[in-house]
């Protein structure tokens, strides 16, 4: 896109927003400070490198067979580097334990920080941070649908050890990269049909989690986040780690609660949950996903749900207490394009929330002037926010508009389609 046209359009938008008391320069500067945590598993369909041929289990599944999936650490890190070059701003990358790069065969309960030195070296080169996820699925020790809440002590002990090791790996990330690493816990435990005992599995889960986090680790380096779910494939009747369970666990242990946008009932407004939790809780880890009738992990687009979530965080000034990560996987389209589409959509929704006369709208609301509130929020929908977004991209030296797609097509031709 022509640079002079981008600048001219931006100046017109800047004046238009200024007329309603919105400073576009302030919005651009604020957006610069919001890192996204880009999930690595979009690039290889969640196979990882520890057990690349192992069947996906625990309610995890990927649709599609688009050519060019990464199968080696260099391929995956190269694809991530390409995606990051097309996403404006400075960001982080989320890893799962199965993405360890080791010289010898290891199981999940044997991983050490040095098994992730490959990723730390890459992160330093890319100037990104790293977040961590223990991998509590797709493993023979996922027995009868249970891990940390299993009635079998040997099973619990295996996963407890894995959880402890994931914390040490996250601590390593924080120390090496100079920024806090969020270590997220999600487990698939539950029953397909109606259980007799709903309490005991949750008591076992509490004990397992308490054992995992028993050793104090400086939160300068890492902090734990706990992710609930309404239900999952194969555990339709009872999920041990429900939203209420982890909400309470995070509150009582002074940890983060993870909200995954796809883990709720389709009629729930996920954005409403932020302001209900944050006055009490330490903070949030938000997994941005797009459920289509269920937790289907579609590529994030700038739909109403995403706009509501980002707008809520901006209007309530809760970005400082919220870590925003992406969580989707689609193998029906180019995987690098999926990263770029989802990340840029999330940033656009954030910017849209920032380009609003928030103080004035709150004042109207407090004095009961709902006419002005409704009129202005409707008019804002046709304001030229796209011109501000284009300027943000240009300042960050990434392609403007759909120009990034040309780079992905060239990468397909020269890299991914040759695998």
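Among the residues in region 67-80, are any surrounded by fewer than 22 Cβ atoms within 10 Å (Cβ to Cβ), touching a residue at least 24 places away in the same chain (Cβ under 8 Å), within 19 Å of residue 327 (Cβ to Cβ) and in contact with a helix residue (DSSP H, G or I) (Cβ under 7 Å, 6 or more places away or on another chain)?
At the first step, the residues of region 67-80 found to be surrounded by fewer than 22 Cβ atoms within 10 Å (Cβ to Cβ) are 67-69, 71-75, 78.
Subsequent filtering for residues that are touching a residue at least 24 places away in the same chain (Cβ under 8 Å) retains 67-69, 71, 73, 75, 78.
Imposing the further condition that a residue be within 19 Å of residue 327 (Cβ to Cβ) reduces the set to 69.
Cutting the leftovers down to in contact with a helix residue (DSSP H, G or I) (Cβ under 7 Å, 6 or more places away or on another chain) gives us 69.
The answer is yes; a qualifying residue exists.
What are the residue pairs meeting all of these: first residue in region 33-54, first residue on the phi > 0 side of the Ramachandran plot, second residue in a helix (DSSP H, G or I), Cβ atoms under 7 Å, and 6 or more apart or on different chains? Once the first residue is on the phi > 0 side of the Ramachandran plot and sits in region 33-54, its partners that are in a helix (DSSP H, G or I) give 48/98; 48/99. Against the test of being assigned to a loop (DSSP other than H, G, I, E, B), surrounded by fewer than 17 Cβ atoms within 10 Å (Cβ to Cβ) and out of contact with any helix residue (DSSP H, G or I) (no Cβ under 6 Å at 6 or more places or on another chain), the options 410, 397 yield a single qualifying residue, 397. Residue-level check: of (1) within 18 Å of residue 90 (Cβ to Cβ); (2) in a loop (DSSP other than H, G, I, E, B), residue 392 misses just (2). Restrict the check to region 8-30 and report whether at least one residue is over 17 Å from residue 385 (Cα atoms) and not in a strand (DSSP E or B). Checking region 8-30: not a single residue is over 17 Å from residue 385 (Cα atoms) and not in a strand (DSSP E or B).
Just a yes or no: is a residue in region 188-201 in a helix (DSSP H, G or I) and over 20 Å from residue 162 (Cα atoms)? Looking for residues that are in a helix (DSSP H, G or I) and over 20 Å from residue 162 (Cα atoms), one finds at least one in region 188-201, hence yes. For region 262-269, state whether one or more residues are within 18 Å of the chain's Cα centre (by Cα), part of a helix (DSSP H, G or I), in contact (Cβ under 8 Å) with a residue 60 or more places away in the chain and crowded, with 18+ Cβ neighbours inside 10 Å. No, there is no match, as no residue in region 262-269 is within 18 Å of the chain's Cα centre (by Cα), part of a helix (DSSP H, G or I), in contact (Cβ under 8 Å) with a residue 60 or more places away in the chain and crowded, with 18+ Cβ neighbours inside 10 Å. No other residue among 352, 380, 374 is crowded, with 20+ Cβ neighbours inside 10 Å and under 27 Å from residue 318 (Cβ atoms) apart from 352.
Given the condition in contact (Cβ under 8 Å) with a residue 24 or more places away in the chain and under 26 Å from residue 399 (Cβ atoms), answer yes or no: does some residue in region 354-365 qualify? Within region 354-365, one or more residues are in contact (Cβ under 8 Å) with a residue 24 or more places away in the chain and under 26 Å from residue 399 (Cβ atoms). Scanning region 150-179 for residues that are surrounded by fewer than 21 Cβ atoms within 10 Å (Cβ to Cβ), more than 26 Å from the chain's Cα centre (by Cα) and in a loop (DSSP other than H, G, I, E, B) yields 151, 152. Tallying residues that are within 29 Å of the chain's Cα centre (by Cα) and in contact (Cβ under 8 Å) with a residue 12 or more places away in the chain within region 372-385 yields 5.
Only one of the numbered conditions (1) modelled with pLDDT of 95 or more; (2) outside any helix (DSSP H, G or I) is not met by residue 63, and that is (1). Evaluating residue 130 against the criteria (1) within 18 Å of the chain's Cα centre (by Cα); (2) surrounded by fewer than 23 Cβ atoms within 10 Å (Cβ to Cβ) leaves one unmet condition, (2). Every condition in (1) surrounded by 16 or more Cβ atoms within 10 Å (Cβ to Cβ); (2) on the phi > 0 side of the Ramachandran plot is met by residue 293 except one, and the failing one is (1).
Residues in region 270-322 that are within 18 Å of residue 33 (Cβ to Cβ), assigned to a loop (DSSP other than H, G, I, E, B) and touching a residue at least 24 places away in the same chain (Cβ under 8 Å) were compared, and the one that is nearest to the chain's Cα centre (by Cα) is 283. When region 89-127 is filtered for residues that are in a loop (DSSP other than H, G, I, E, B) and crowded, with 22+ Cβ neighbours inside 10 Å, the ones remaining, listed by number, are 91, 100, 111. Within region 80-115, count every residue that is modelled with pLDDT of 95 or more and more than 25 Å from residue 415 (Cα to Cα). Selection size over region 80-115: 11. Within the set 28, 38, the sole residue that is crowded, with 22+ Cβ neighbours inside 10 Å and under 27 Å from the mean Cα position of the chain (by Cα) turns out to be 38.
The values are calculated or read from the model by the stated rules, or taken from the named source; none is laboratory data. As the structure is a computational prediction, the values presented were derived from the model and not from experiment. Note: ideal-geometry Cβ built from the backbone for every residue, glycine included; neighbour counts use all protein chains shown.
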